[in-house]
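What follows draws every value from the coordinates through simple rules; no lab data is involved. The structure displayed is predicted, hence computed values, not measured ones. Note that each Cβ is placed from the backbone with ideal geometry, even for glycine, and that neighbours are counted across all protein chains shown.
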Amino acid sequence: MKILILYTYNQGLLSNFFQELSEKLYHDGYEVINFYLKHREDYFLQNGVRIYGEKKRGYFKNYYRIYTFIKKEKPDVVISNFSYINPAVLAGRLLGVKSNIAWFHTAYGHTKPSFIKVYNKTLYLNMANLVLANSKNLQKEMHTVYKVPRNRTKRVPFWTNITNYEPCTKTLNNLQKTGAFKIGCPGRLVSDKNHQIVIEAVNALKTNKPIELFIAGNGAYKQDLETLVEDLNLKNQVIFLGNLSLTEMVAFYKSMDVVVLPSYHEAFGLVFIEAIALGTPVIVSSKFGALDFIDTQEFLLETFTFNPNSVSELINHLQSYINKNGMPSNYFKDLYTKTFDKELIYQTIKDIVTNPKTLN
C-alpha cells in the first residue's frame with residue numbers, strides 16, 4: 001500500500017508529528033511519500049520516507065502540480081491538511097484514489113469564515129472518503145456546518161515530541177534569573193487567542209509576591225495588547241518575547257510557574273499538550289478541543305480549566321498557584337501520558353488509514 005501525506009514540512013512540532021507518523025507507517029511495511037509546497041524545489045529520503053518539495057506558485061498552478069504529482073505516484077491513500085485539502089481531495093476524486101482523507105484542524109469559531117468560504121469548503125470536504133477531526137466539537141462541525149455525513153468522519157488526537165528537545169540554555173537562564181512568579185502565555189497575537197484576559201487578571205491580582213507575565217508569539221494584535229499594558233501601567237510586569245524557536249519554547253515552558261491558555265476557540269490546542277508533556281502546570285480555556293479526550297473520572301477538568309470570558313475564574317486559579325496550592329507538575333505529566341499515548345494514537349490512525357472498511 002502506498003500512502004501520500006501532504007503537509008507543510010518545517011521545523012515545527014506539527015510538521016514533526018506528520019514526519020514521525022510517516023516514518024512509523026514506513027517501518028510497519030507501507031510505502032510512504034510526503035509532499036509540500038514551499039519557496040524552492042527539494043527531494044530527500046528521511047528514514048525511509050520519500051519527501052518531495054515543490055516551489056509554491058499561483059493558485060491554479062499549485063492545484064495542477066498536486067494533481068500531476070498524485071497522477072504520477074498513483075497512491076492508494078492520500079492524506080491532506082490545511083491548504084492542501086482542496087487540491088488534494090479534488091485530484092484524488094478525479095483520479096479515483098481509493099482512500100482520500102482530509103485531516104481538518106480549524107474550528108469554525110476561530111476563523112469565522114464567510115458563507116462563500118463555508119460553501120466552498122463544504123464542496124471539497126464532501127469529496128473526501130473520510131474527514132479526520134481532532135476534537136468532539138470539530139467533528140460535530142463537520143456534520144452541522146460542512147454537511148459531511150457522520151459515517152465519513154472520525155476523531156483522533158495528536159501527540160507531541162517536545163520532550164525530545166533540550167531547552168535553549170540562553171533563554172532558560174534569562175527567564176529563570178528573575179525571582180518573580182512567572183506566568184506564561186504562548187500563541188499568535190490575534191484577538192481570538194484572548195491574551196487580554198491574562199493581562200487584566202495580572203492587573204487585578206493582589207499579592208505581595210512580584211508577578212511577571214511572559215507573552216510568547218507575534219501577530220497583528222500586538223499593538224492593542226501593548227496599549228492595554230501601557231494603560232494599566234504594567235510595562236514592568238508584562239514582557240513580550242516575540243516568536244520563539246522550538247528549543248526556546250522548551251525553555252519557555254520549563255521556566256514558567258504556570259502557563260495560561262485563554263483562547264475563545266481551539267480545535268485541538270497543541271500548546272496545551274506541549275506544556276503538560278513537559279510537566280508545566282497549565283490553566284486552560286474550557287474551549288480547547290484536546291480536553292475532549294481526557295478521562296474526567298480520573299482528571300477533574302475544573303481543577304485546571306476556566307471560562308475564557310471570566311476574569312474572576314482565571315484570577316482564582318492563578319491565586320492558587322501563587323499560594324502554592326495548584327496542581328503539581330507530576331499531575332500534568334500523568335495527564336499527558338494517560339491521555340495522549342503515542343502508540344495508542346498511532347495504532348488508531350494506522351487502522352483508519354490502512355483499513356478500507358473504516359472508510360465505508
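Below, the figures for the structure above:
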| read-out | value |
| --- | --- |
| In Å, descending, principal axis extents of the Cα set of the chain | 66, 43, 41 |
| Over the chain, relative contact order from alpha-carbon pairs under 8 Å, at least 6 apart, % | 14 |
| Residue order, fewest to most beta carbons within 10 Å, for L14, L175, L261 | L14, L175, L261 |
| Antiparallel DSSP beta bridges within the chain, percent to nearest 5 | 10 |
| Stretch gain in nm, segment E230-V145, where the contour uses 0.36 nm per residue and the Cα spacing is subtracted | 26.6 nm |
| R0 of 45 Å, Cβ-Cβ distance Q347-K206: FRET efficiency to nearest 0.05 | 0.35 |
| Gyration tensor (alpha-carbon) shape descriptor, segment 162-339, a/c threshold 1.5 | rounded |
| Max mean-square fluctuation residue, GNM over the chain, Cα-Cα springs under 10 Å, options N236, N126, N137 | N236 |
| Residue order, fewest to most surrounding Cβ atoms within 10 angstrom, among C185, C168 | C168, C185 |
| Low-density loop cleavage sites - GluC sites (Glu not before Pro) in segment 258-340, where at most 11 other Cβ are within 10 Å (DSSP) | E298 |
| Spin-label pair D334/R57, simplified geometry with 7 Å Cα→Cβ offset, distance in nm | 5.7 |
| In segment 86-149, trypsin sites (Lys or Arg not before Pro) in a DSSP loop with at most 16 other beta-carbon atoms within 10 Å | K98, K147 |
| Gaussian network model of the chain, springs between alpha carbon atoms under 10 Å - residue of L213, L241, L130 with greatest fluctuation | L241 |
| Listed residues S263, S80, S245, most fluctuating in the chain (Gaussian network, C-alpha, under 10 Å) | S245 |
| Burial ordering of H143, H317, H105, H195, fewest other beta-carbon atoms within 10 Å first | H143, H105, H317, H195 |
| Over 27 Å between alpha carbons, listed pairs K193/K235; K98/K338; K136/K193; K61/K121; K193/K333 | K98/K338 |
| Qualifying trypsin sites (Lys or Arg not before Pro) in segment 296-339, DSSP loop, other Cβ atoms within 10 Å at most 16 | K324 |
| Rounded tilt (10° steps) of 13-27 against the dominant C-alpha axis of the chain | 40 |
| Distance between modelled label sites at V118 and N218, nm, 7 Å Cα→Cβ extension | 3.4 |
